[in-house]
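Below is one structure, written out as structure tokens, with a few remarks after it.
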Amino acid sequence: MKNDNKKKIRCIEKLLLLLLSFIFLYSCAPPARTLITESIADSHYDSEFPASRSSSALTKALESIRLLNSVAYYKAYNYPPGAISKIPVASHMELEADKILFFNNTASGTATFVYAFEKDIALLTCAHVITFPDTIITYYEKSKSIQSIAIKIRQHIYINELPDGDDIKIIAVDMQNDIAIVQRRLKEKPVFLQPVFPYPTGKSANLEWGAFVYLIGYPKGNKMVTHGLVSKLPGQRGSGDFLIDANFNRGFSGGMVLAIRDGIPNFELVGMAKSVSADYYYAITPGTPFNPQQIDSNFPYTGELYVEQRGEINYGITNAIAIETILKFIDLNRLRLMEAGLNPQLFFK
């Protein structure tokens, strides 16, 4: 009996020792961290990834954007070296030319419905997507005489999904800030109006370092959503423009930039993506049309050669136009918009 009691006492002592050890270790452990998943309602733009679902809110914004295409058609007059040193009279261009050819330049970007009333719709995009030079002149390097003069003879701007109507027209352009408004007048008043951008305009001046933003647009012709963090430019360049570390591809120009104020679905339009940092270089390329299947790589190429400018995108440095600059542009062009039959007070509404 005495031995049994001793064994019970030893077991109890061991259990007490283990319990004391556990209490000691727990009291010395660092306090557990609590993961905050909800946005703090502080009236500032959020800098954290949204804690709640954003798909339905983003879908509403995506319904207001379209892929915008633009084509400029040129007639080019080519001259032999030393033939002419100044631009000839228009009626003599063809007579003096050594060769005449036709070509076109194309561009694609993102456009957003910012106006829809009665038969008229208007979209916001970047100026460089829909503007091409009226005249392109090249010179011979040695003689400095004119090599070619290309005259723009026609331009076509189109969106595939729009109802029938007049051609899309350029109403207002700001080349310096890279902003443009285009318009289309439909043949009949639509039963359902085009979905104008659904969220209010914000203030890019209130964006802070690391603010979280969504970008929506048509990179490479694909409707896409991406996101990034905001970096402020030195001194804001006086315009409020900012940088985003989001990926950018051709076609994203004109894409909307959305910030979130105190959680989903409180989106605000704070800017428009316009360009990306890139390094440019020139390369010698074959003439067009070029069929590589008809070329033997074992022999030197003897066909026509052209100089082509190429660019390598520096991904992760996207330039954005401040919403304040866009609203100022609309206000400065009130008269142009009214002459086109648009009511400036109904933009973004």
Six or more apart or on different chains, Cβ under 6 Å: which pairs go from a residue in region 249-266 that's among the acidic types (D, E) to one that's crowded, with 17+ Cβ neighbours inside 10 Å? Could you list them? D262/S39
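Can you name the residue in region 94-126 that is without any contact (Cβ under 8 Å) to a residue 40 or more places away in the chain and not in a strand (DSSP E or B) and, of all such residues, is surrounded by the fewest Cβ atoms within 10 Å (Cβ to Cβ)? Spell out the reasoning first.
The initial filter retains those residues of region 94-126 that are without any contact (Cβ under 8 Å) to a residue 40 or more places away in the chain, namely 94-102, 104-107.
Checking the rest, the ones that are also not in a strand (DSSP E or B) come to 94-98.
Details: E94: 11, L95: 9, E96: 14, A97: 19, D98: 12.
Going through the qualifying residues, I end up with L95.
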Exactly one of these conditions fails for P163: (1) out of contact with any Leu (no Cβ under 6 Å at 6 or more places or on another chain); (2) not in a strand (DSSP E or B). Give me its number. (1)
In this structure, does K223 turn out to be under 13 Å from I321 (Cα atoms), surrounded by fewer than 17 Cβ atoms within 10 Å (Cβ to Cβ) and touching a helix residue (DSSP H, G or I) at 6+ places or on another chain (Cβ under 9 Å)? no
Give me the pairs: first residue in region 65-93 and in a strand (DSSP E or B) and buried (at least 20 other Cβ atoms within 10 Å of the Cβ), second residue at pLDDT below 90 and of a type in the set (G, A, S), beta-carbon distance under 6 Å, and six or more apart or on different chains, which are they? Y77/A97
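Select, from K203, K187, the only residue that is within 30 Å of L332 (Cβ to Cβ), in contact (Cβ under 8 Å) with a residue 24 or more places away in the chain, surrounded by fewer than 17 Cβ atoms within 10 Å (Cβ to Cβ) and touching a strand residue (DSSP E or B) at 6+ places or on another chain (Cβ under 8 Å). Outline the logic, then answer.
Details: K187 fails: within 30 Å of L332 (Cβ to Cβ).
Of K203, K187, the one residue that is within 30 Å of L332 (Cβ to Cβ), in contact (Cβ under 8 Å) with a residue 24 or more places away in the chain, surrounded by fewer than 17 Cβ atoms within 10 Å (Cβ to Cβ) and touching a strand residue (DSSP E or B) at 6+ places or on another chain (Cβ under 8 Å) is K203.
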Going by the conditions given, is V257 surrounded by 21 or more Cβ atoms within 10 Å (Cβ to Cβ) and in a strand (DSSP E or B)? yes
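For the structure I just gave you, tell me whether R66 is among the basic types (K, R), modelled with pLDDT of 90 or more and out of contact with any Pro (no Cβ under 7 Å at 6 or more places or on another chain).
yes
The values are calculated or read from the model by the stated rules, or taken from the named source; none is laboratory data. This is a predicted model, so every value here is computed, not measured. Glycine also receives a Cβ, built like all others from the backbone with ideal geometry; neighbour counts cover every protein chain displayed.
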